[in-house]
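Take a look at the structure set out below.
Read-outs throughout are calculated quantities, based only on the coordinates presented, and are distinct from any laboratory measurement. All figures in this text were calculated on a predicted structure; none of them were measured in a lab. Cβ placement follows ideal geometry from the backbone for every residue including glycine, while neighbour counts extend to all protein chains displayed.
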Amino acid sequence: MKINKMKDERIVQLNNKIQSEAFILTIMILALSIFIKSYIFDMGIREYLIELIIMMVSIAYLSIRGATVGYSSMDTIYFGKKFKIIAILLLAILITIFNGIRNYTFYGKNYDGISDIHFLSVIGVTFISSLIFVSFLLGAVYSIERVGQKRLEKQLDNNEE
């Protein structure tokens with residue numbers, strides 16, 4: 001005979017928060033490992049490919065799975081339009097900074113300095129392309145979440161009838 005235990009919602013929420021924080025910490029550690037191996041130790045991509053795959057698959061799974069069941073991580077109070085635009089800009093700037101450092105490290109001898117037109121054009125192209133890529137990526141996640149929310153609402157409406 002099965003006994004269904006009632007769970008206190010506060011305990012469930014606390015458990016979810018702890019698991020969420022652990023996931024974020026794991027992703028941050030993986031990102032730090034990739035950064036250190038790539039930029040500080042100047043290792044090739046083969047040396048940190050596993051960390052990169054784990055990080056990308058984890059984030060993709062979380063985003064897609066959450067979106068398909070109707071959980072919206074982008075429609076909370078914290079994620080207004082202003083926040084989304086700021087997040088996109090910050091991610092694009094972060095990508096540009098990392099790429100600029102790496103580019104100058106490898107090709108700095110070919111530039112006349114940081115204000116060299118060729119270096120600045122590389123930075124500009126990197127910023128614009130990363131801005132477009134990040135916008136597209138977050139737009140795709142948002143669209144998938146909207147479809148999942150509509151499906152969840154339809155399911156809930158059918159269950160009520």
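Based solely on its DSSP helices, what 222 nm [θ] is calculated for the chain when runs of n ≥ 4 H residues each add -39,500 (n - 2.57) and the sum is averaged over all residues, nearest 500 deg cm²/dmol?
Only helices count here, giving -27500 deg cm²/dmol.
Please list, in order along segment 147-154, the HN-Hα scalar couplings obtained from phi with the Karplus expression 6.51 cos²θ - 1.76 cosθ + 1.60 (θ = phi - 60°), rounded to whole Hz, x for Gly and Pro.
Ordered by residue, 3J(HN,Hα) equals 5, x, 5, 5, 5, 5, 4, 5 Hz.
Could you check the simple spin-label distance between LYS82 and LEU49, using points 7 Å along Cα→Cβ, in nm with one decimal?
Between LYS82 and LEU49, the simple spin-label model gives 4.5 nm.
When we measure straight from the Cα of LYS7, which lysines land under 25 angstrom away, once same-chain ones fewer than 8 places off are left out?
The qualifying lysines are LYS17.
Suppose we take every Cα in segment 1-68 and form the convex hull; what volume per residue is that in Å³?
130 Å³
What share of Cα pairs, in percent, lie more than 21 angstrom apart in the chain?
64 percent
Would you list which aspartates and glutamates come within 18 Å of LYS109, measuring only between C-alpha atoms, while excluding same-chain residues fewer than 8 positions from it?
Within reach: ASP42.
Taking R0 as 45 Å, what FRET efficiency do you get between ILE128 and LYS154 from their Cβ-Cβ distance, rounded to the nearest 0.05?
Efficiency computed from Cβ-Cβ geometry: 0.70.
Roughly how many Å is it from the Cα centre of segment 131-147 to that of segment 3-68, as a whole number?
Measuring centre to centre over Cα atoms gives 19 Å.
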